[in-house]
Each structure stands twice: as structure tokens, then as C-alpha cells.
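To start, the structure under review is shown below, and the notes come after it.
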């Protein structure tokens, strides 16, 4: 997580205004630029058009030098531009660590993005993505992945290959479950899957050894697997506004849990073991559930 915060600082501190023009910033006579912020569609088109010219046979000296310069870029910010696609030339940014491409109108991601194996932070939030390519598994260095507010109805099994992923946000999609390979995310600390259509969770959800925050509110869950009790590092659990009728007795195993939010499940009956969660400091539950919860504590 410390590295993620470092990368966030890098994103803030390295963004460069395009007031003097993208081309001048990437001039070979200037100090190499590690970050580019494309503020308009015109800048977006000009940036990638010049890269394309640099890749063509017989490219002039200026375009060839530009191509070499972009290979040193570590951060590219091109969000909220409402562009319809990312050009394949994005694959020329071979040193890219952070790609912020949210708030566009992307319906697919070019395969070249998944060849950027130095990526540690990928933001594709608020687009029109309906699927995620299996090539996502190539991004083995990825630590933060933001896919919220798209139209995804399934995640590929290859998501489980992202062993360094620390934060995964996929709120506001159409997912009905999570892949059974989810336990491959052995570094995951935050999993946010709110406002989807989750009907069930795979038992492998209990195989996330570093998970601290799990958000599942506003779904269609009627139950959670027994294996959830294996999440001994979990500190915050949100499952509001589902269709839960019970929680497994293994919930007692959530030894690090401090906050639990269960409102919006009016038919939920908590097991006696819920009163034995050792470090629970705050719980929000419906009044009908609270009576059962208090009764079990008194017993």
C-alpha cells in the first residue's frame, strides 16, 4: 500500500500542464519528461498522431526523436476527454507505470495496453466497457485497478494472476459473481464491488490473506460463503442493501474486524457467533436484526 500512495504522489507531482504544448515538452533538447497530461481531444489526437508518424518508415528526425522521448514517459493522464478509443500507438509508451484513462467512451481496450508490463496503476473507470480481455493477466506488476462505472458482466479468470494488486475497484457494473481465481490476489487489501448484481460469492473469497476492506453493498446476495471467516485481516465489511437472511457462524473468525455494516437486510438473522467477534467496535444493522444480536450477546 505504501507504494500505491507513492505512485499517487507521483501522479500529482509529475503532471505537466500543456500550456507550452506537448511537443515542446517532449523535445529532445529538454530534460526528459516522465509525465504527460492530455487536456483536450485535440491534444490527445496530436499526441498519438505524432507517435504514429515516428513509427513509420522514413520518419523525419523530429518525429523519430519524439517517439524515443515518449518511451520514457511513466505517467499518462487522458481522462474525461470522452474519446472513443485508445490508439494502438499507446503500446510505444514502454516505460509507462500509470495510465489514467477514465471518463471516456471506451468500449474496448486495445491489446497494446496489456503489453505495457510496467503498469502499476490502471484507471478505466466511467467508460462503456462490456468485457475485460484475458490479457489483463499480463499486467503482473499492477497494484491498483479501477474499473468502476462500466458495463462489465463478468471478469476473466486471468484476473487472479495479478498477485501484486492491492486495490481493486469494480463498483457500478453488472457482475453476478466473482471469478473462482480471486484467491490469486494474494496482495489485495481493498476489494470494492458495490452496486453490481452479485447473487453469490465463490468460496475462494476467503483466500485473500491481506484483505482489510470488503465492500459488497447494493447487490443481490442471499448468503456469503463459510470461507469468509478465514479473512483474519479484514477490518471493514460492508454488505448493506442485499437480500441476506443469515451469516455463517464462521464470521467469528474475523478477528481483526472493527466495523460491520449490514443495514438494508431486513430478514437477516445473525448467528450467536457474531457477538463473539473480538475487535468489533461498530456495527450498523436493522432493528429486527439488532434484537436477535443483543439477545445472543446476553445469552
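For residue 292, indicate whether it is outside any loop (DSSP other than H, G, I, E, B) and at pLDDT below 95.
Answer is yes for this residue.
When region 78-92 is examined, which residues are found to be surrounded by 17 or more Cβ atoms within 10 Å (Cβ to Cβ) and either in contact with a strand residue (DSSP E or B) (Cβ under 6 Å, 6 or more places away or on another chain) or not in a loop (DSSP other than H, G, I, E, B) (or both)?
Those that are surrounded by 17 or more Cβ atoms within 10 Å (Cβ to Cβ) and either in contact with a strand residue (DSSP E or B) (Cβ under 6 Å, 6 or more places away or on another chain) or not in a loop (DSSP other than H, G, I, E, B) (or both): 79, 89, 90, 91, 92.
Residue by residue through region 154-172, note down the ones that are touching a strand residue (DSSP E or B) at 6+ places or on another chain (Cβ under 9 Å) and either closer than 18 Å to residue 196 by Cα or touching a residue at least 60 places away in the same chain (Cβ under 8 Å) (or both).
159, 166, 167, 168, 169, 170, 171, listed by residue number.
Taking region 153-170 on its own, how many of its residues are more than 19 Å from residue 210 (Cβ to Cβ) and either surrounded by fewer than 19 Cβ atoms within 10 Å (Cβ to Cβ) or modelled with pLDDT under 95 (or both)?
4
Take the residues in region 130-151 that are crowded, with 18+ Cβ neighbours inside 10 Å and part of a loop (DSSP other than H, G, I, E, B), then tell me which one is nearest to the chain's Cα centre (by Cα).
In this case the residue turns out to be 147.
Among the residues in region 192-210, are any at pLDDT 95 or above, over 28 Å from residue 143 (Cα atoms) and under 24 Å from the mean Cα position of the chain (by Cα)?
No, because not a single residue in region 192-210 is at pLDDT 95 or above, over 28 Å from residue 143 (Cα atoms) and under 24 Å from the mean Cα position of the chain (by Cα).
The values are calculated or read from the model by the stated rules, or taken from the named source; none is laboratory data. The model shown is predicted, which means the values in this text are computed figures rather than measured ones. Every residue, glycine as well, gets a Cβ built from its backbone with ideal geometry; the counts of neighbours run over all protein chains shown.
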